[in-house]
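Structure first, commentary second.
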């Protein structure tokens, strides 16, 4: 695009100051080449304004967003989970629950009379006051059950996602 066209397009679009408009109006009135070019650009501008703009289909935005969503869904996780850590946590809770069960069964009054259980190593189990220990025991078991259900749900979801991919 040459300088004359730029000047005339700015005049047609209204992107020039009042002084420039007076100067360009004088050029169009006085110079034949400016007048012809101005008429040509005005015809072109009228054709552009008469054109109907193409619009994307109604589902275009939806389709684009779905493609973007599926691209992000296939991106692997940035952080991997160390399976040894999960195994260590699992072993800890299993051992804790087993120890709790051993203590409960060892302190259970099987014969109907109260007698402390003696272990073979000469260790005597303490007499536990269950009125104070019961809420603590129930809270601990509730926490373990909820945590176990959460871990089981996470495992099922990962397995289902692995099947889908």
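Tabulated results
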| read-out | value |
| --- | --- |
| Among the residues listed as 19, 5, 32, the single one being under 55 Å from the mean Cα position of the chain (by Cα) and either at negative phi or surrounded by fewer than 10 Cβ atoms within 10 Å (Cβ to Cβ) (or both) | 5 |
| Test for residue 26: is it on the phi > 0 side of the Ramachandran plot and free of Cβ contacts under 8 Å to residues at least 12 places away in the same chain | no |
| Among residues of the range 113-129, those that are at pLDDT 60 or above and more than 30 Å from residue 146 (Cβ to Cβ), counted | 5 |
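Residue by residue, here is whether (1) more than 30 Å from residue 12 (Cα to Cα); (2) surrounded by 10 or more Cβ atoms within 10 Å (Cβ to Cβ); (3) modelled with pLDDT under 70 holds:
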residue	(1), (2), (3)
47	no, no, no
56	no, no, no
83	yes, no, no
96	yes, yes, no
107	yes, yes, no
148	yes, yes, no
164	yes, no, no
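The values are calculated or read from the model by the stated rules, or taken from the named source; none is laboratory data. Note that the coordinates shown come from a computational prediction; the quantities given were computed from them, not determined experimentally. Don't worry about glycine lacking a Cβ; one is built from the backbone with ideal geometry, like all the others, and counts go over all protein chains shown.
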